[in-house]
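*Asks:* One structure follows; several queries about it will come next.
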Amino acid sequence: MDIVDFVRARLDERAQIAERATPGPWVVCDGVIADYEENATWEQVVEQPVAPRDDTHIAANDPAYVLRDVAAKRAIVDACGYADESDSALFEAWRDAVSYLAAIDSAHPDYDPKWRR
């Protein structure tokens, strides 16, 4: 597995997790993380109490946000694929960008420490 395959696989995993979750947008309402429905009703997303310091973080990373984040990172990886070694500055920038994206998942068992910049 090369670094691009690694990054794409991690992005695919994040997208699959987000697609299986309650879509969002999630909000914090009276200490409860909820999904706002179009018919102006609230559906509780998290069944167990969440620490106040965690609720806003969880809501800010709802599935809709995660899917936008994944799409943006995929676009970066795809755009970088146009770089070739004949343009050394562009190629270095591409390697750096993909390396930084891979580092997000450096705890994953498939991550190769040689990819670190």
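The values are calculated or read from the model by the stated rules, or taken from the named source; none is laboratory data. The shown structure was predicted, so the numbers you read here are calculated from the model rather than taken from an experiment. Cβ coordinates were reconstructed from backbone atoms using ideal geometry, including for glycine residues, and neighbour counts include every protein chain displayed.
*Asks:* Tell me which residues, restricted to the range 61-93, are among the hydrophobic types (A, V, I, L, M, F, W, C) and over 15 Å from residue 8 (Cα atoms).
*Replies:* 64, 83, 89, 90, 91, 93
*Asks:* Restricting to the range 61-86, what's the tally of residues that are touching a residue at least 60 places away in the same chain (Cβ under 8 Å) and crowded, with 16+ Cβ neighbours inside 10 Å?
*Replies:* Initially, the range 61-86 is screened for residues touching a residue at least 60 places away in the same chain (Cβ under 8 Å), giving 73-74, 77, 81.
Filter once more, keeping what is crowded, with 16+ Cβ neighbours inside 10 Å: 73-74, 77.
Summing the residues that are touching a residue at least 60 places away in the same chain (Cβ under 8 Å) and crowded, with 16+ Cβ neighbours inside 10 Å in the range 61-86 gives 3.
*Asks:* Looking at the range 26-49, can you tell me whether even one residue there is surrounded by 13 or more Cβ atoms within 10 Å (Cβ to Cβ), more than 21 Å from residue 105 (Cβ to Cβ), at pLDDT below 80 and aromatic (Phe, Trp, Tyr)?
*Replies:* There is at least one residue in the range 26-49 that is surrounded by 13 or more Cβ atoms within 10 Å (Cβ to Cβ), more than 21 Å from residue 105 (Cβ to Cβ), at pLDDT below 80 and aromatic (Phe, Trp, Tyr).
*Asks:* Please find, within the range 66-117, the residue that is nearest to residue 22 (Cα to Cα) out of those that are in a helix (DSSP H, G or I) and hydroxyl-bearing (Ser, Thr, Tyr).
*Replies:* If we take residues in the range 66-117 being in a helix (DSSP H, G or I) and hydroxyl-bearing (Ser, Thr, Tyr), then 100 is nearest to residue 22 (Cα to Cα).
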